Amino acid sequence: MRRLLLTAATATAAALALSSCGTTEPAADDAKKTAGSITLTDGTGTKVKLDGPAKKIVGTEWNAVESLISLGVEPTGVADVKGYKTWDTAAPLKNDPKDVGTRGEPSMDSIASLKPDLIIATTDLPAAAVKQMRDIAPVLNLRPADAADPIGQMTENLDLLAKATGTEKRSAKLKKDFEAKLAEGKKKLAAAGHAGTKYAFADGYVTGNQTSVRPYTSGSLIGAVNEKLGLKNDWSVKGDKAYGLGTTDVEGLTKLDKNVQFAYIGNDGDKSSNPFSGVLKKDKVWTSLPFVKKGNVHRLPDGVWMFGGPASMNQYVDSVVKALKK
């Protein structure tokens, strides 16, 4: 599997994928319904008209697929079904959607064969690919992330998908439940003595003999959730404008506070994604780090998608609380 865990924004972090930048646009709040039709403005400012709530939907990015499932809508087509099942367990697929290729290069023929009502893309895809999709069906092109307001962008996309599918009430409940989860998690961490605890979340990957570490700064969705939980982000590196992801190496970890709580997500289904439990066990720099010696390193569960929607973030909150309360 092409390592699209390094989502589009990792061009900034590791030059492995696509990138996207810019600020969140007020896209979702001007949906208009007339005579059963729905007119929406997507993340690029493009007007998208539907004859009614979309039923047959193709999702080219996992965060959109997760949100659709959370809204009670089973997608007809999904990019990289196997990868979704490996990396995103918060909202399991209940049907058997057609695999429409990779997230970076979806198959136009596969998408067209499904005759969808709507295609959900993101601005991480090349404009040429989105143009081809528009020849097949209406395309809702989401802005997948915004480091200026990560949680706001996530919920805006959720609302836009809800309006496209007629599931606004479900969206409202998902957002309310997410806010409750954040408040509950913050309370539990404070009770465990972790209010204001210095915390650093990362993922990593191995390419050949090179180990790279990707910090999730305050501009990342994970970073924003951490701060809502009352944790203090200890990364000093700068993140990209879309996903809030930085880049460093093992030596860069020496800049973290000696008492930091370090957490990461790997995946046994993608061996290159987990250096912390793999090659770094024999690395002298890693094993000499104070927080490693103290046992303040936490591997969070596989299948928590770091770029997902409320379902994944609820799952993440639970995993952080469980790890830090030990």
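Points to keep in mind about this one:
- The phi torsions of the stretch 198-213, fed into the Karplus equation with coefficients 6.51, -1.76 and 1.60 and a -60° offset, translate into couplings of 6, 9, 9, 10, 8, 10, x, 7, 10, 10, x, 9, 9, 9, 10, 10 Hz, rounded to whole numbers, with Gly and Pro shown as x.
- Fraction of beta bridges assigned by DSSP in the chain that are antiparallel (%, nearest 5): 45
- Highest mean packing comes first when the peptides 220-232, 90-102 are listed by Cβ atoms within 10 Å, giving 220-232, 90-102.
- Under the span-like rule (Cα at least 15 Å along the axis, Kyte-Doolittle mean at least -1.0), DSSP H helices of the chain: 150-165, 310-324
- Anisotropy class of the stretch 42-170 from Cα gyration tensor, a/c 1.5 cut: rounded
- Per-residue Cβ neighbour counts within 10 Å put Val139, Val237 in the sequence Val237, Val139, beginning with the fewest.
- Amide H contacts of Gln261 (H built 1.01 Å from N, under 5 Å, at least 5 apart or other chain): Lys198, Tyr199, Ala200
- The shape of the stretch 159-279 comes out oblate: with a ≥ b ≥ c from the C-alpha gyration tensor, a/c is at least 1.5 while a/b does not beat b/c.
- Annotation: amide H-H contacts under 5 Å for Leu118 (H modelled 1.01 Å from N, sequence separation of 5 or more, or interchain): Lys56, Val58.
- CD proxy at 222 nm, helix term only [per DSSP H run n ≥ 4: -39500 (n - 2.57); per residue of the chain; nearest 500]: -9500 deg cm²/dmol
- Summed side-chain charge close to Asp99 - residues other than Asp99 whose Cβ falls under 9 Å, Lys, Arg +1, Asp, Glu -1: +1
- Near the amide H of Gly204, within less than 5 Å, lie the amide hydrogens of Arg214, all on another chain or at least 5 residues away, with H placed in the peptide plane.
- Proximal lysines relative to Lys131, as straight alpha-carbon distance under 29 Å, when same-chain residues fewer than 8 apart are discounted: Lys32, Lys33, Lys47, Lys49, Lys55, Lys56, Lys82, Lys85, Lys98, Lys115, Lys163, Lys241
No value in this document is a laboratory result; all are computed from the given coordinates. Since this is a predicted model, take the numbers as computed values, not measurements. As a convention, Cβ positions derive from the backbone with ideal geometry for all residues, glycine included, and neighbour counts pool all protein chains shown.
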